[in-house]
1. Has region 123-131 got any residue that is open to solvent by less than 40 Å² (accessible area, probe 1.4 Å) and touching a Leu at 6+ places or on another chain (Cβ under 7 Å)?
2. Which of the residues belonging to region 112-151 are in a helix (DSSP H, G or I) and within 16 Å of the chain's Cα centre (by Cα)?
3. Could you list all residues from region 103-121 that are free of Cβ contacts under 8 Å to residues at least 40 places away in the same chain and surrounded by fewer than 17 Cβ atoms within 10 Å (Cβ to Cβ)?
4. Of all residues in region 170-185 being open to solvent by less than 20 Å² (accessible area, probe 1.4 Å) and out of contact with any Lys or Arg (no Cβ under 9 Å at 6 or more places or on another chain), which is nearest to residue 75 (Cα to Cα)?
5. Quick test of your reading of the structure: residue 124 fulfils all but one of (1) touching a residue at least 60 places away in the same chain (Cβ under 8 Å); (2) over 23 Å from residue 192 (Cβ atoms); (3) in contact with a strand residue (DSSP E or B) (Cβ under 9 Å, 6 or more places away or on another chain). Name the failing condition by number.
6. Search region 186-201 for residues being open to solvent by less than 20 Å² (accessible area, probe 1.4 Å) and more than 14 Å from residue 116 (Cα to Cα), and hand back the single one that is nearest to the chain's Cα centre (by Cα).
7. Being in contact (Cβ under 8 Å) with a residue 12 or more places away in the chain, closer than 21 Å to residue 185 by Cβ, of a type in the set (Gly, Ala, Ser) and open to solvent by 50 Å² or more (accessible area, probe 1.4 Å) narrows it down to one residue among 92, 56; which is it?
8. If I ask for residues that are over 19 Å from residue 148 (Cβ atoms) and not polar (S, T, N, Q), which ones from region 52-67 would you list?
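The values are calculated or read from the model by the stated rules, or taken from the named source; none is laboratory data. Source: prediction; values computed, not measured. Neighbour counts run over all protein chains shown; Cβ positions are idealised from the backbone, glycine included. Remember, those area values only see protein heavy atoms, side chains included, never the ligands or the DNA or RNA. Shrake-Rupley method; radii C 1.70, N 1.55, O 1.52, S 1.80 Å.
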Amino acid sequence: MSDQNLAEGKTAKGKKMFLLLALVFVLPFTIAFTLHVLDIRPGGKSFGHLITPIVALKIPALDDTKGVSFTEEQWSKTWNIVMIEGASCNEACEKNIDKLNRVQRSLHKEKGRVQRILILKNEFEFERINQLQEKFPKLIVLTAKETSQQQFVEKFDQAAGQGSIYLVDPLNNLMMYYPQDVEPKALRHDIMRLLKNSWGG
């Protein structure tokens, strides 16, 4: 076999390998897009309520309770479980924070792919929130005081009933919500399935 034939054979083999790799990479996205467009839901029960259409969030910088800015980039590339409270967190609110904390801990090696965010719409009692963060060290507490921040928070209330537990994906899309009384096992089931089938976050 001539050198030219060998070279052509290698080129053809290389093209086939490239196409195969491209197919492996693109196929999951193509399937997901098709299912979304045709509104075909995979089998298996979801305990949350899908928000349709999903809400693409433009996230303003929000301050934490010490005045440090928490930017849009800090929401990205992770799954965010969000609670919104009108004032400082009452007993029912704390129970839900504890529930979400237990759910995240139960994710074991996947728990770093999820963060819990509590947004306070009004003035808060610093001592009370400080106690909560001491009890739940990984809880991110943010405040929404400015007009643009409050408008951002309203998108959650408009997408679902007030007092819901919201899920924001790694691309900053508000895509699912749960009632406050959702069972921890149900929430964990959905999150584990999302983490298993998601390349992002």
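1. Within region 123-131 (the criterion being open to solvent by less than 40 Å² (accessible area, probe 1.4 Å) and touching a Leu at 6+ places or on another chain (Cβ under 7 Å)), the answer is no, since none of the residues qualifies.
2. Selection gives 112, 113.
3. Within region 103-121, 105, 108, 109, 111, 112 meet the criteria.
4. Looking at residues that are open to solvent by less than 20 Å² (accessible area, probe 1.4 Å) and out of contact with any Lys or Arg (no Cβ under 9 Å at 6 or more places or on another chain), I get 176.
5. For residue 124, the exception is condition (1).
6. 195
7. Residue meeting the stated conditions: 92.
8. If the condition is that a residue be over 19 Å from residue 148 (Cβ atoms) and not polar (S, T, N, Q), then 53, 54, 66 are the ones that fit.
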